[in-house]
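Here is the structure we will look at, set down as structure tokens.
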Amino acid sequence: MAVTNEAENTATVLLGRGDGTFTASAVDPRTGTGPNYIAVGDFNGDGIPDLAVTNAGDNTATALLGNGDGTFTALVPVATGSRPSSLVVGDFNGDGISDLAVTNAGDNTVKVLLGHGDGTFTATAVSPQTDIGPSSVAVGDFNADGISDLVVASCCNYAYGPGKLAILSGDGTAALRLWQVSRPTMALNSSRLRTLMVTGFRI
């Protein structure tokens, strides 16, 4: 497991022993300021899990490249939008390389960071709008065109009513278009939507 430590500006990796218990790695890799969300992927194609962290304190995301022994090497942070709140790994331009999509609670946007295959990323120029206070993001193909789309949950929208779900449709070039904003069903109808999971449920 890997967790962010917001006060220390680090991430801690907990190495599994295989019996349900864990041991913290000896060194906690440095992140940016105020890390608040973490995701795993292979960002340099070496088959070793890497980590990506959003840093709300300095409006960046940090890639931590795995060394294969439970330790990680931090790369130079990449700028996101204002107050990044979550991120998800996907391939948003169809090149077979892992990219990142970051929600930004400070300016109500999503920023796509395109991966280069060596662990580094470049931010796209355009950041599509979401609903107020995006807090979580998940990837899926919601219109069956074979291209990755995003769903974004918004929380803490006290002035404008319950939180909402925004669907952003991808076009295969890393551009995202706000397709639909909807209020969740009664079971989810809360002003504090925090997390999302996409799976193959059928009705």
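The values are calculated or read from the model by the stated rules, or taken from the named source; none is laboratory data. Just so it is clear, the model here is predicted, and its values are computed rather than measured. Note that each Cβ is placed from the backbone with ideal geometry, even for glycine, and that neighbours are counted across all protein chains shown. To get the accessible areas, we keep the full protein, side chains included, count just its heavy atoms, and leave off ligands, DNA and RNA. Shrake-Rupley method; radii C 1.70, N 1.55, O 1.52, S 1.80 Å.
Measuring from the lowest to the highest alpha carbon on each principal axis, how far does the chain reach, largest first, in angstroms?
45, 36, 35
What ranking, highest mean first, results for peptides 70-77, 53-60 when packing means the other Cβ atoms within 10 Å averaged over each residue?
Ranking, from highest mean packing down: 53-60, 70-77.
Would you calculate the convex hull of the Cα atoms in the range 57-175 and tell me its volume per residue in Å³?
115 Å³
Any idea of the accessible area per residue across the chain, 1.4 Å probe, to the nearest Å²?
Per residue, the chain has 49 Å² of solvent-accessible surface.
Give me, ordered by chain and number, the residues 5 or more places off Gly133 or on other chains with an amide H under 5 Å from its own placed amide H.
Answer set, sorted by chain and number: Asn108.
Provide the packing ranking of 130-139, 21-30, 40-49, i.e. peptides ordered by the mean count of other C-beta atoms within 10 Å per residue, highest first.
130-139, 40-49, 21-30
Using a Förster distance of 41 angstrom, determine the FRET efficiency expected from the C-beta separation of Ser82 and Thr23, and round it to 0.05.
Working: r = 37 Å, r/R0 = 0.90.
Taking R0 as 41 Å, the efficiency between Ser82 and Thr23 is 0.65.
Mind listing the Cα extents of the range 1-113 along all three principal axes, in Å, largest one first?
If we take the Cα atoms of the range 1-113, the spans are 42, 35, 25 Å.
Quantify, in whole percent, the carbon and sulfur part of the accessible surface of the range 48-149 (1.4 Å probe; protein heavy atoms only). Write down the numbers at each step before the final one.
Working: 2030 of 3680 Å².
Its accessible area is 55 percent carbon and sulfur atoms.
At a threshold of 8 angstrom on Cα-Cα distance, excluding pairs fewer than six apart, so keeping six or more, what relative contact order does the range 16-119 reach in percent?
Averaging sequence separation for qualifying contacts and normalising by length gives 22 percent for the range 16-119.
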